[in-house]
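Below is one structure, written out as structure tokens, with a few remarks after it.
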Amino acid sequence: MDKYILIDCGFHDELEALATLRQSCRIVYRNAANESVEIEGLIVDVYAANQADFLRMNDGTEIRLDKIVSVNHKQISFCTD
């Protein structure tokens, strides 16, 4: 697995809010082959594992947060420390 890149805390909070409010969302992310994938559904969990942050969709799809390109057409923001 490549090194995890921290996402902006505000963006992380937005993902958690979408999960808490059970709002459907459209996510574009890069898969293991670096192909762009688009998925729509509910975020059911945002969690940390193996020194990275992930989200789980209601269909079971798990996405590492630094692989996300956009959520509901909003580009992901990375931490700028």
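The values are calculated or read from the model by the stated rules, or taken from the named source; none is laboratory data. Note that this is a predicted model, so its numbers are computed, not measured. Ideal geometry is used to build each Cβ from the backbone, glycine not excepted, and the neighbour counts take in all protein chains shown. Areas reflect the complete protein model, heavy atoms only, side chains present, ligands, DNA and RNA absent. Shrake-Rupley method; radii C 1.70, N 1.55, O 1.52, S 1.80 Å.
Data overview
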quantity: Test: E35 is open to solvent by 90 Å² or more (accessible area, probe 1.4 Å) and of a type in the set (D, E, K, R); calculated: yes
quantity: Members of the stretch 11-41 found to be closer than 15 Å to N72 by Cα and either out of contact with any strand residue (DSSP E or B) (no Cβ under 7 Å at 6 or more places or on another chain) or in a helix (DSSP H, G or I) (or both), listed by number; calculated: F11, H12, D13, E14, L15, E16, A17, L18, A19, L21, Q23
quantity: Cross-chain or 6+ apart pairs with Cβ under 7 Å, the stretch 52-81 first and assigned to a loop (DSSP other than H, G, I, E, B), then open to solvent by 20 Å² or more (accessible area, probe 1.4 Å) and of a type in the set (G, A, S); calculated: S77/G10
quantity: Index of the failed condition, E38 passing every other in (1) of a type in the set (D, E, K, R); (2) in contact with a helix residue (DSSP H, G or I) (Cβ under 9 Å, 6 or more places away or on another chain); (3) free of Cβ contacts under 8 Å to residues at least 24 places away in the same chain; calculated: (2)
quantity: Leading residue by the ranking (most open to solvent (accessible area, probe 1.4 Å)) among those in the stretch 43-68 that are closer than 15 Å to I5 by Cα and of a type in the set (D, E, K, R); calculated: K67
